[in-house]
Amino acid sequence: MTPGQTCAAHPGAAAAFRCDGCGRLLCADCVEHGHRLLFCRHCRERALPLDESLPATVPALKRASLRARPDRWQEALAYPLRGQGSMLFWVYLGLMVAAVLAAAFPGGWPLLFLLRTTICVLMPGLLFAIVRRTVEGDDELPDWPDIADLGDRLYEVIGFGGTIAVAFIPAALALRLAGCSILLSAIESSARCRLPLGAGLLAGLPLAVPMFGSLAVYQRLDLVFRLNLHARALLAGGRDSGRTVLLISAVLAASWGLSSALGGIPLLGGGAAAAMTAYGTFAGARLVGMMFRKHEPALDAIYLP
């Protein structure tokens, strides 16, 4: 260590920060973590990193630590069922199962319409919030979006619709080439149409994943049309992008397969598919957030103007 680069209070420790108040050089032990900022233990003024490229806030420091940690994808798969926030998952699952039950009974269409509208309005915001909270280093499920904030809800619905379109357009083309209808009921009744549907979804999902993540993190509606940026983001994520796409594909395939296998049993098939879909949406959003958190600097360089 060279003179001037050691901690003022601990000469044997390298300095990593400088106090913005008293000017002392500080090691990690001389720095306290506030809610968002780092503080000098000696005078309680803000501590700034000597290297300007290093994190200067507590959330940024936490994200850097998480990025450096080895990936634990099993944590993402357990995410919907973990902690106090898991109650949100069960509420969401309850809404989906209630929609299945309402669809099965004559005269249940008013309730079905209300439930589906609630899910369609709130689900995009909830999934976007999961991605953002994951990037910020939070391990808990977020709260329900505020339905009264119509501007944010409209942005989320449009953005989520664009993501679904990117994922489904190749599938629609594959179905048309195979002579199949693009209606869900027709696909379910025709075994030969399921293969082109699956192939098309696999073709569209790689771009849909970074598109969904970018809309959640950067909150710019023009990203719906920037497929070139999403292709660059997919490449920037490297192996993590491929793993995320494969895991989300596996969950979607499991949901579809379970629904088809149990479709002949009244209500059970729909309920099982609703459970898998609810789990898959939460876990999938967590996986996307983990990818964006790990590669945040590279993705910021791509998406930020």
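The values are calculated or read from the model by the stated rules, or taken from the named source; none is laboratory data. Computed from a prediction, not measured in an experiment: that's the story for all the values here. Glycine gets a Cβ as well: all are built from the backbone with ideal geometry, and neighbour counts include every protein chain shown. To get the accessible areas, we keep the full protein, side chains included, count just its heavy atoms, and leave off ligands, DNA and RNA. Shrake-Rupley method; radii C 1.70, N 1.55, O 1.52, S 1.80 Å.
As a summary of the residue check, residue 247 satisfies the conditions (1) in contact with a Gly (Cβ under 7 Å, 6 or more places away or on another chain); (2) under 28 Å from residue 78 (Cβ atoms); (3) open to solvent by 20 Å² or more (accessible area, probe 1.4 Å); (4) aliphatic (A, V, I, L, M) except for the one numbered (1). Only one entry in 68, 16 is open to solvent by 30 Å² or more (accessible area, probe 1.4 Å), small (Gly, Ala, Ser) and modelled with pLDDT of 80 or more, namely 16. Here residue 92 meets the list (1) in contact (Cβ under 8 Å) with a residue 24 or more places away in the chain; (2) exposed (fewer than 13 other Cβ atoms within 10 Å of the Cβ) almost entirely, failing just condition (2).
The sole residue among 137, 125, 83 that is open to solvent by less than 20 Å² (accessible area, probe 1.4 Å) and modelled with pLDDT under 80 is 137.
In the stretch 30-48, what residues are open to solvent by 30 Å² or more (accessible area, probe 1.4 Å) and either basic (Lys, Arg) or within 32 Å of the chain's Cα centre (by Cα) (or both)? Please lay out each step first, then the result.
Filtering the stretch 30-48 for residues open to solvent by 30 Å² or more (accessible area, probe 1.4 Å) gives 32-33, 35-37, 39, 41-46, 48.
32, 33, 35, 36, 37, 39, 41, 44, 46, 48, listed by residue number.
How many residues does the stretch 99-122 hold that are touching a Leu at 6+ places or on another chain (Cβ under 8 Å) and open to solvent by 30 Å² or more (accessible area, probe 1.4 Å)? So the answer is 5. Pairs only if they're at least six apart or on different chains, beta carbon under 7 angstrom, first in the stretch 226-244 and over 11 Å from residue 295 (Cβ atoms), second open to solvent by 40 Å² or more (accessible area, probe 1.4 Å) and part of a helix (DSSP H, G or I); list them, first residue then second. Close Cβ pairs satisfying both conditions: 227/207; 230/207; 231/207. For the stretch 1-13, a residue qualifies if it is open to solvent by less than 90 Å² (accessible area, probe 1.4 Å) and either within 18 Å of residue 64 (Cβ to Cβ) or among the aliphatic types (A, V, I, L, M) (or both), and the qualifying residues are 8, 9, 13. For the criterion of being in contact with a Leu (Cβ under 8 Å, 6 or more places away or on another chain) and not β-branched (Val, Ile, Thr), residue 19 passes.
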